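To keep things clear, I will list the structure first and then write my remarks on it.
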Amino acid sequence: YYYYFVFLGHFKPVRVTLTASKGDEVKLIMDVVKTQRRDITWKFNGQYIFILILYDLAGFDESHTGIYSVGYVGDSALYSAWIRLIVRGCPKNKWGSDCDKDCPECLNGGVCHDKDGDCVCPPGFMGMRCETACREGMFGRNCQESCKSENGCQGLSFCLTDPYGCSCASGWHGDRCRKPCLEGMYGADCLLSCNCKNKGKCNRFSGCQCPTGWRGQYCEKSGQPSKLLFHLHRITCSATGHPLPSHMSIELRKLESTVLKVKASEIELYMPMYRIISIYYRSHTHIIFFLVYGSDQITLPNLKPSTKYQVRVQLARPGDGGEGPLGPENIILLLNKCIILLLNKCKHMHSQGEETILQFNSGTLTLTRRPKPSSEPLTYPILEWEDIKFEDVIGEGNFGQVIKAMVKKDGIKMSAAIKMLKEFSSENDHRDFAGELEVLCKLGQHPNIINLIGACENRGYLYIAIEYAPYGNLLDFLRKSRVLETDPAFAKEHGTASTLTSQQLLQFAADVTTGMHYLSDKQFIHRDLAARNVLVGDNLVAKIADFGLSRGEEVYVKKTMGRLPVRWMAIESLNYSVYTTKSDVWSFGVLLWEIVSLGGTPYCGMTCAELYEKLPQGYRMEQPRNCDDEVYELMRQCWRDRPYERPPFSQISVQLNRMQEARKTYVNMALFENFTYAGIDATAEEA
């Protein structure tokens, strides 16, 4: 934020704000504008303290933070001058709750934050240590903002988050920030001396500009700074043998990095010899659970007439992690004294355009089908097969794959991601795939969803072209930022646990809410909102993707079996297979937890069966240690039991945008004591 300051009094402060550390000695100095033969009085937060033009403070702490004013005795406050003193809660170069952590070396006038250890950079500089100068007239966390005046940032005073305070932009000083720095000085308020060595030249905006062969803040180091010598555009590998390898990976590492390779003996795997079927059923007063081994026919005993029962089925194999997801809940009104459940294998595929009707009549359960109302024919932008040039496989699942390609549309070449099904995909897979194309067509274009480029049919196969996201899915992107795992030396040198900042992490969340607000306005339910289904595009813009489970209805009741994203599902979706925009809000709360935890597995260490039991009892994930209370409270709002009590995406978007404007560290990426990342369990994520 920047402000204009105008001084009309008899005194003028040398600096509008002054930052000091606990235990420092500070001189508060005022320049006299109009000399009078009267006593001078100092006040602290409006209370009289001293009579002198210069006020010495020594051995002070945070209690001394406040407004110090000076004026002639008897004058109105309008003729006084003020200095705001900001006292860091720790001694110089220390931070943390116990002030036991060393601050990074904040360059170019940056100030170490006493709570999170980050460098608060002066206007005109950026970087982890404020080491990078912005271009003249630019400022902001990433030098993305510009001063609109013809004279750049002249005449503007910038007030940043404490403990920095206020100052002129780099290159300017004076009570109205209109004076350029004197020769040999640079930075905000022109407080820094260049002291350039080896014929370096002092630039008042950025400091020393070094001649060829020298580098460093003062041009004191010989040699050129590191430069990128070349880009790897493509690496081609050949493979031999049978069968050919299905995956390969190439890693580029720094010369001084350490690679650890762990070998372990293989564990012989055995296929399960039999199947376990878990049955959960309950009346209004009792819950019954039992196991059946290797049977397709199950009898539920001791049922009472005229009683409503809820029945769920779960398949499993022996061993840890063998439990599958619980099936959808079926409500049965008992008319006879005994019911036999027939578990049919692969007989749930109804022909397209029909829906099943359940009818009870004289103690029997009848299944009939009726045609669904016909829909309008689907129209989509067509791509010619000859205009698609396939490149590399960038993603693969059980039933489909994604290939990077160059496509030509309307005479313009562009990168695209081509989605296609594998050869042996089921009828359900083909129906969901066509449904995704239908959703993309109906949604239209939006900056925070992956937009449709076009589609192509060739030899009976459907190919869907969507915009290409160069940084892949958000889940992998978050996990790759765990720099303490990928580059511990860098993490410890810079005191950070991630290559991503708090602002960037919040921006991912804000992008998703903007996209979901658009979806909800269109009355679409996503049903599978998770970090793995969000892609990261150019300029690190998050875009919602994977609309294979989306439905264009205000309320959707799932009638078919299939793999369920249990760890992201709302209570009503787990219990009743009901999905609304409010169940998407629940999923967003889990996604926000994924962002804060840098890709941790939700409910890590818990089975799906435990989630079915504990979530209705009020259990929720704990607050991550690096997460601000306000962000965690937003998660809890998304996880409220009653769907109507959860905030709409429009409200969540406003909250996240307000957090970003506050410029507060809501997600602390500093390496605090005993820092550990949230656990990752890939097996659990598939359940």
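The values are calculated or read from the model by the stated rules, or taken from the named source; none is laboratory data. Bear in mind the structure is a predicted one, so any value in this text is a computation, not a measurement. Cβ atoms come from the backbone with ideal geometry, glycine included; neighbour counts cover every protein chain shown.
All conditions in (1) within 30 Å of I40 (Cβ to Cβ); (2) touching a residue at least 12 places away in the same chain (Cβ under 8 Å) hold for S76, with the sole exception of (2). Taken together, D476, D487 contain a single residue that is out of contact with any Leu (no Cβ under 6 Å at 6 or more places or on another chain), farther than 27 Å from I652 by Cα and charged (D, E, K, R), which is D487.
Number of residues in the stretch 136-158 that are within 21 Å of Q504 (Cβ to Cβ), out of contact with any Lys or Arg (no Cβ under 9 Å at 6 or more places or on another chain) and surrounded by fewer than 16 Cβ atoms within 10 Å (Cβ to Cβ): the value is 4. If the condition is being at pLDDT 75 or above and not β-branched (V, I, T), then the stretch 46-74 contributes G46, Q47, D61, E62, S63, H64, G66, Y68, S69, G71, Y72. Would you confirm whether any residue within the stretch 425-447 is part of a loop (DSSP other than H, G, I, E, B), in contact with a strand residue (DSSP E or B) (Cβ under 9 Å, 6 or more places away or on another chain), modelled with pLDDT of 90 or more and within 30 Å of V120 (Cβ to Cβ)? Looking through the stretch 425-447, none of the residues is part of a loop (DSSP other than H, G, I, E, B), in contact with a strand residue (DSSP E or B) (Cβ under 9 Å, 6 or more places away or on another chain), modelled with pLDDT of 90 or more and within 30 Å of V120 (Cβ to Cβ).
Of the residues making up the stretch 102-127, not one is within 22 Å of F205 (Cα to Cα), within 25 Å of the chain's Cα centre (by Cα) and acidic (D, E).
Here's the yes/no breakdown for (1) of a type in the set (G, A, S); (2) under 19 Å from V631 (Cα atoms):
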position: H446; (1), (2): no, no
position: R459; (1), (2): no, no
position: A469; (1), (2): yes, no
position: F477; (1), (2): no, no
position: V483; (1), (2): no, no
position: F490; (1), (2): no, no
position: G495; (1), (2): yes, no
position: L505; (1), (2): no, yes
position: D511; (1), (2): no, yes
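Contact annotation: residue pairs with Cβ atoms under 9 Å, 6 or more positions apart or on different chains, pairing a residue in the stretch 655-668 that is of a type in the set (K, R) with a partner that is at pLDDT 90 or above and in a helix (DSSP H, G or I), are R663/Q503; K664/S502; K664/E630.
Counting the residues of the stretch 159-169 that are buried (at least 22 other Cβ atoms within 10 Å of the Cβ) and aliphatic (A, V, I, L, M) gives 1.
The residue that is modelled with the highest pLDDT, among those in the stretch 175-230 that are under 20 Å from M126 (Cα atoms), among the basic types (K, R) and assigned to a loop (DSSP other than H, G, I, E, B), is R204. Scoring K43 on the criteria (1) surrounded by 14 or more Cβ atoms within 10 Å (Cβ to Cβ); (2) at pLDDT below 75; (3) assigned to a strand (DSSP E or B); (4) not polar (S, T, N, Q) leaves a single failure, condition (2).
Contact annotation: no residue pair with Cβ atoms under 6 Å, 6 or more positions apart or on different chains, pairs a residue in the stretch 569-587 that is more than 18 Å from C608 (Cα to Cα) with a partner that is surrounded by 24 or more Cβ atoms within 10 Å (Cβ to Cβ) and acidic (D, E).
Among the conditions (1) part of a helix (DSSP H, G or I); (2) within 16 Å of D538 (Cβ to Cβ); (3) among the β-branched types (V, I, T), the only one that I453 does not satisfy is (1).
Regarding the stretch 79-97, can at least one residue be identified that is crowded, with 20+ Cβ neighbours inside 10 Å, in a loop (DSSP other than H, G, I, E, B) and polar (S, T, N, Q)? No, every residue in the stretch 79-97 fails to be crowded, with 20+ Cβ neighbours inside 10 Å, in a loop (DSSP other than H, G, I, E, B) and polar (S, T, N, Q).
Applying the condition of being within 12 Å of C153 (Cα to Cα) and in contact with a Phe, Trp or Tyr (Cβ under 6 Å, 6 or more places away or on another chain) to the stretch 170-208 and asking which residue is surrounded by the fewest Cβ atoms within 10 Å (Cβ to Cβ) yields G171.
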